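The values are calculated or read from the model by the stated rules, or taken from the named source; none is laboratory data. A quick note: this is a predicted structure, and the numbers were derived from the prediction, not measured. Because the Cβ atoms are built from the backbone with ideal geometry, glycine has one as well, and the counts that use them run over all protein chains shown.
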Amino acid sequence: MNMQIPKKLKILDWFSFFLILFTCWLIFYKTPVEMNMGLVQKIFYFHVAYAWIGMVSFLVAAISAIIFLRKGLFIYDAVTESAVEIGLVFTLIAIITGSIWARPIWNTWWTWDPRLTTTSIMALIYAGYLFLRGSLDNPEKRRKITSIYSIIGCLSVPLTFFSIRGVRSIHPVVFGGDTPDFNMDSQMLRTMLIAIAVFSIFYIAVMWHRIRLAELKEEIEQLKLTSEEDHD
Amino acid sequence: MKSTFQTIRALIRKDMQIESHTREIFTVMLVFALSILFILNFALEQNVKVRTGSAAGLIWIILILAGQLGLNQIMGIEKQGNMIEALLASPVPRSAIYLSKTISAFVFMFLMALIIHPLYCIFYNVPMISPDFILVSALGCWGYAALGVLISAMTIQTRTRDILLPVLFYPLIIPLVVTTVKLTGSILSGENFSSLLSSLYQILAFDIIFTASGILGFELIVED
């Protein structure tokens, strides 16, 4: 495998970098300050994008795990591993940014709201995935077992949400909701959608890098095995 | 089909015979559960309100923690002396191995639930015996065993097997625990059982999903 970063990926890196700068400029200079919440509401443009990418990433992980179990191709396992790792980072940032927003607005860092609880449990499940992956030595077993775990993890997330949905939620519904203090005007909504799109492009770039890393690691493992066999 | 049932029965009998000789699963679970029951006394002090109000949650916390010891051991006994390899080499359907292990784990958990619940009532002087608890316990214990055996089959193959099981298993079992605790709490507070049917169906749905995942996933996990 070529160690050099592909030209297309380099272009995507720079493209997403400038798009993020543009989005920050939009958020801080071009979008009006929310009337009730003030400046702290601006964190929502990042928070929603990160939470969205975190969830999509775990879904990508489960889908690629299913394909891996059917086809057995290494690349799908690499996608699952990458998606879980990156999804976990994005989810943790979403939890932290949400908490920073909640402190002045809800007057608490944390509340046992169904969405907050489900997201945190989701992060715990996929942190477990990384521990499981790290403690399995046999590569074949590692791929199969972690694929099954990521599918079960993805199944468990909606079940958790349903099991605690009876708890009264104070989390604002950004899209299609009727939360009285969270009606965004068209400019704010446009910025929110741009932020989600831009961070999704950034996610694709990071995923590409991480999958390349997994492929390089696999190649090193294979080379090690070959050299050990040659010595024997 | 008949031979599958016979295989499951034979495998369960094997597990029970090992347990009757070694007493490494149920007895250990029970002693551990009793220890937590006593520790709770010091944690809760004399607060009767907390003891009664949190009874459902506390009983299930005891069962979950003690049940984990059983799950570690139920697959662990197959690992000792590489019995698992002999089992996998035999012409036995993998789903039969999974179901036999799940039934064995369920029997240990359910028996413990039947012992711990009245003991909690006796030790903490809370009048909360209800026959409906038996049905809820059975469903809750089945879901716990169904998913627990699957995760245990994963973790016995890792370097850090006993440590990893709760880390992987507890976050996954949360939906079942939440619903079971809610339902147990409602039963203990004397709510009409017919009004709780939707929660009961929810536990049943979790049981079916976890069992189906186990039957489908177990073969892939244990095969070489």
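The set of residues in the range A:28-70 that are in a helix (DSSP H, G or I), more than 20 Å from A:Leu116 (Cα to Cα) and out of contact with any Ser or Thr (no Cβ under 6 Å at 6 or more places or on another chain) comprises A:Phe28, A:Tyr29, A:Lys30, A:Leu39, A:Val60, A:Ile63, A:Ile66, A:Ile67, A:Arg70. When B:Ile129 is tested against (1) out of contact with any Gly (no Cβ under 6 Å at 6 or more places or on another chain); (2) modelled with pLDDT of 90 or more; (3) farther than 21 Å from B:Ile163 by Cα, only condition (2) is not met.
Between B:Pro171, B:Pro166, the distinction of being assigned to a helix (DSSP H, G or I), within 11 Å of another protein chain (Cβ to nearest Cβ) and in contact (Cβ under 8 Å) with a residue 60 or more places away in the chain belongs to B:Pro166 only.
Restricted to helices (runs of 4 or more DSSP H) entirely inside the range B:45-162, those with at least 2 residues that are buried (at least 21 other Cβ atoms within 10 Å of the Cβ), within 14 Å of chain A (Cβ to nearest Cβ) and hydroxyl-bearing (Ser, Thr, Tyr) are B:132-155. Residue count for the range A:1-22 satisfying the condition of being in a loop (DSSP other than H, G, I, E, B) and closer than 15 Å to A:Val206 by Cβ: 2.
Exactly one residue out of A:Pro158, A:Pro180 is part of a helix (DSSP H, G or I) and modelled with pLDDT under 95, and it is A:Pro158.
Of the residues examined, A:Glu81 is one that is away from chain B (no Cβ under 14 Å), closer than 27 Å to B:Gly214 by Cβ and of a type in the set (D, E, K, R). Residue check: B:Val177 meets all listed conditions (1) surrounded by fewer than 24 Cβ atoms within 10 Å (Cβ to Cβ); (2) facing chain A (nearest Cβ under 8 Å) but one, namely (2). Restricting attention to the range A:100-146, the residues that are surrounded by fewer than 20 Cβ atoms within 10 Å (Cβ to Cβ), under 17 Å from B:Thr158 (Cβ atoms) and either in contact with an Asp or Glu (Cβ under 6 Å, 6 or more places away or on another chain) or among the charged types (D, E, K, R) (or both) total 4.
With respect to the conditions (1) touching a residue at least 24 places away in the same chain (Cβ under 8 Å); (2) assigned to a helix (DSSP H, G or I); (3) within 24 Å of B:Ser152 (Cα to Cα), B:Glu24 falls short on a single one, namely (2). Among residues of the range A:218-232 that are at negative phi and part of a helix (DSSP H, G or I), those with a Cβ under 7 angstrom from a residue that is at pLDDT below 85 and exposed (fewer than 10 other Cβ atoms within 10 Å of the Cβ), sequence gap 6+ or separate chain, pair up as A:Glu219/A:Met1.
In the range B:177-189, is there at least one residue being in contact with a Pro (Cβ under 7 Å, 6 or more places away or on another chain) and modelled with pLDDT under 85? Checked against the condition, which is being in contact with a Pro (Cβ under 7 Å, 6 or more places away or on another chain) and modelled with pLDDT under 85, the range B:177-189 yields no hits at all. Do we have A:Ile86 as at the interface with chain B (Cβ under 9 Å from one of its Cβ atoms), buried (at least 18 other Cβ atoms within 10 Å of the Cβ) and part of a helix (DSSP H, G or I) here? When the stated conditions are applied, A:Ile86 does not pass them. In the range B:208-224, the qualifying residues are those that are more than 8 Å from chain A (Cβ to nearest Cβ) and buried (at least 21 other Cβ atoms within 10 Å of the Cβ), and the one that is nearest to B:Thr184 (Cα to Cα) is B:Phe210. If you go through the range A:109-133 and keep only what is facing chain B (nearest Cβ under 9 Å) and free of Cβ contacts under 8 Å to residues at least 24 places away in the same chain, you end up with A:Leu124, A:Phe131, A:Leu132.
The set of residues from the range A:143-167 being of a type in the set (D, E, K, R) and within 9 Å of chain B (Cβ to nearest Cβ) comprises just one member, A:Lys144.
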